[in-house]
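I have placed the structure first, in the form of C-alpha cells, so that the comments after it can refer back to it.
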Amino acid sequence: MVLVWLFLIPLIGGLLAWLTERYSRDAARWVALLALALQLMIVIALWVEYWAQIVGPGQGRLLVSFIKPWIPVGISFYLALDGISLLLVLLTALLGIIAVAASWSGVRQRTGFFYFNLLWTLAGITGVFLAVDLFLFYLFWELMLIPLYFLIDIWGHERRHYAAVKFFIFTQLGGLFLLLGLLGLVFAHETATGKVTFNYFDLLGTSLTPLSAFWLMLGFFVAFAVKLPAAPVHTWLPDAHTQAPAAGSVVLAGLVLKVGAYGLLRLVVPLFPDAALAFAPIAMTLAVAGILYGAVLALGQRDLKRLIAYTSISHMGFVLLGIFAWNELALQGALIVMLAHGLSTGALFALAGMLEERFHSRDIEVMSGLQAVWPRMGGTAIFLAAASLGLPGLANFVGEFLVLLGAFRAAPVFAIVAAAGLIVSVIYSVWIVYRVFWGPPPERREGRDLNGRETAMLFAVMALILWLGLYPQAFLSTAEPAVRGLLGLTRPARAPAAYHSREVNPILGIGGEHGRP
C-alpha cells in the first residue's frame, strides 16, 4: 500500500493546494511543499528499510510490490519498486521540491491551480516509474501530459501557446505509437498463449516473428525517443524549455526526459531483445548525433534557457548510447547520467529562472559581470557549469565515464566519437559562466544576490551532486540487482558487442552476433 501512497500524496496535495488558494496564496505553496516533503520522506524510508535487501546476498529484483485485480480483461493495478525505480522516484520527489521552491515568488496568479498542475504532473511521473501493468503505465504516461501542457500554456512566456501546442502534438503522437505497440504486443501474446494480459512479466519473452518484433519495438522506441528526446524528434524541447516557467523547465529537464529513458531501459530492450539489439547500431548512431548536435547548437544560443535546453539533448544522448550498449557498465552509467543530469540541469534551469525574474530577460547579452555584485549566485553557477561539463569529482563525470567505458566494450567507434561531445561541453559551459558572470562588470545592477530560500535549494542540489560524484557506490549498489536482472532477461539475444561482424543481421541487414560482453 505504501507504493499507492507515493503517487496518491501528490494527487491529493495538488487538489488541496487548488482548494486552499481561495484562502491564501501562501497556503497553496505550503501544501504543495509539505506534500512533496512527505513523499520524499517515504522514499527515503524505503531506501533505508530495504538497503540490506538491495545489497545483501540472495536479494530479489523487486523490493516491494502491490497488486490488485482491476479491469477483468487482463488488467491489474500492479505497482512495484526495484533499485532503478527507487532512485528515479527519489529524484522525482527531490526535483518536485526544487520546482516548488523555484516558483515560490515567480507565480503570482492562479497559484493554487499552478501547484495542482505541477503536483499532478509529478504524480504521473511517479506512477510511470512504479507501474508494472502496461495499461497502468500508459495511463500514468498520459496523466502527466495534460497538466504539463497547462503549466506551459498558462504560466509560460511570450510564445507559450505555440510551445505548449507543439509539446502536446509531439508527445501525443509519441503516445499513439506507444499505444499501438502495446496493443500489438498484447494481441501477439494472446495469439501465442490464448491469454490476454498487460502484465509486464507475462509479456516478457512473448513469441514473435523477427519482423513483427521489429515493428513493435520500433513503435515503443519512437514513443520514448520523442520524450528522451533523440534527434530528429527533439524539436519540441528547446521551445518548451524556453517558454515554460522555471518550475516547468525543472520538471521537463529533470524528470520528463527521464521517463523516455526509463521506457527504453525497462521496456524496449527487455520486451524485444533480439529486435532492439539488432537496431542498436542505428540507436547508437542517433545517440552520438544527439551528443554532438546538442553540444554544437548550444554554442550558438543567446537565450540562456534555450542554451541549457540544447545541452540536455547532448547529455541525454549519453543515456541512449549507454542503454543500447547494453552491458552492466553502460547501464549503470546511463542511470547515473539520468540522476546527475536531473540534478545539475534542473538546478541550472532554476538558476536561469532566478536570473529572468531579476532581469525580465533571458538574453545572455544583457547579463555581464554578475560575479562582482552577486557572488553567491556566481559561485553556484560556476559549480553547476562544472558539473554539466563533467568535471571529475562531480556526478556527471561518473555517469559519462561509465557510459563511454561500457560503450567502448560494445562499439569502440561510437564511444570514441561520443567522447568528442565532452570537449564541446567544456566550451559551452565555460562560455556561459564567462558571458554571464565573468564579463565586464556592470556600472549599475538592480536586484539582489541569492536569498535564503534560493541558497538552501541550490546548495542542497550541489551537495547531492558532490555525493554522487565522490561516492557513487551507494547509488550503483542500489541499482545493481535490477540492472543485472534486466541483463538476465536478454541473455539469449544477440549482443551489440561488435557491429562490424561479417554475419548479416536478418532485420536490418547489418551487424551480427559476436558474443556477449
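Based on this model, can you work out whether Glu328 counts as in contact (Cβ under 8 Å) with a residue 60 or more places away in the chain, among the acidic types (Asp, Glu) and within 23 Å of Ala287 (Cα to Cα)? When the stated conditions are applied, Glu328 passes them.
Can you pull out the residues in the range 207-237 that are polar (S, T, N, Q) and either crowded, with 20+ Cβ neighbours inside 10 Å or more than 20 Å from Pro273 (Cβ to Cβ) (or both)?
Within the range 207-237, just Thr235 meets the criteria.
Taking first residues from the range 70-85 that are surrounded by 19 or more Cβ atoms within 10 Å (Cβ to Cβ) and among the charged types (D, E, K, R) and partners that are in a strand (DSSP E or B) and modelled with pLDDT under 90, the Cβ contacts under 8 Å between residues at least 6 apart in sequence or on separate chains come to Asp82/Leu62; Asp82/Leu63. Only helices (runs of 4 or more DSSP H) whose full extent lies in the range 178-278 are considered here, and the ones with at least 1 residues that are of a type in the set (Gly, Ala, Ser) are 210-227, 236-243, 246-251, 257-263. All but one of (1) of a type in the set (Val, Ile, Thr); (2) assigned to a loop (DSSP other than H, G, I, E, B); (3) modelled with pLDDT of 90 or more hold for Val73; which doesn't? Going through (1) of a type in the set (Val, Ile, Thr); (2) assigned to a loop (DSSP other than H, G, I, E, B); (3) modelled with pLDDT of 90 or more one by one, Val73 breaks only (3). Checking each residue in the range 455-489 for being under 29 Å from Trp104 (Cβ atoms) and in contact with a Ser or Thr (Cβ under 9 Å, 6 or more places away or on another chain) picks out Thr455, Leu458, Phe459, Val461, Met462, Ile465. Among the residues here, Gly174 does not qualify as surrounded by fewer than 19 Cβ atoms within 10 Å (Cβ to Cβ), over 20 Å from Leu87 (Cα atoms) and of a type in the set (Gly, Ala, Ser).
Of everything in the range 360-381 that's of a type outside the set (Val, Ile, Thr), under 29 Å from the mean Cα position of the chain (by Cα) and closer than 21 Å to Pro238 by Cα, which residue is surrounded by the fewest Cβ atoms within 10 Å (Cβ to Cβ)?
Of the residues in the range 360-381, the ones of a type outside the set (Val, Ile, Thr) are 360-363, 365, 367-372, 374-379, 381.
From what is left, the residues that are under 29 Å from the mean Cα position of the chain (by Cα) are 360-363, 376-379, 381.
Cutting the leftovers down to closer than 21 Å to Pro238 by Cα gives us 360-363, 381.
Working: His360: 8, Ser361: 13, Arg362: 21, Asp363: 11, Ala381: 24.
Checked the range 360-381; the qualifying residue surrounded by the fewest Cβ atoms within 10 Å (Cβ to Cβ) is His360.
Can you report the number of residues in the range 247-302 which are under 30 Å from Gly106 (Cα atoms) and among the basic types (Lys, Arg)? Here the count works out to 2.
Look at (1) closer than 21 Å to Asp153 by Cβ; (2) assigned to a helix (DSSP H, G or I); (3) in contact with a Pro (Cβ under 9 Å, 6 or more places away or on another chain) and you find that Gly112 fails only one, number (3). For the range 164-174, the set of residues classified as touching a Gly at 6+ places or on another chain (Cβ under 9 Å) and closer than 22 Å to Val100 by Cβ consists of Ala164 only.
Taking the conditions exactly as written (in contact (Cβ under 8 Å) with a residue 12 or more places away in the chain, within 24 Å of Asp303 (Cα to Cα), crowded, with 20+ Cβ neighbours inside 10 Å and among the aromatic types (Phe, Trp, Tyr)), does Phe397 satisfy them or not? For Phe397, the condition - in contact (Cβ under 8 Å) with a residue 12 or more places away in the chain, within 24 Å of Asp303 (Cα to Cα), crowded, with 20+ Cβ neighbours inside 10 Å and among the aromatic types (Phe, Trp, Tyr) - is not met.
The values are calculated or read from the model by the stated rules, or taken from the named source; none is laboratory data. Please read these numbers as outputs of a predicted model, since none were measured by experiment. Don't worry about glycine lacking a Cβ; one is built from the backbone with ideal geometry, like all the others, and counts go over all protein chains shown.
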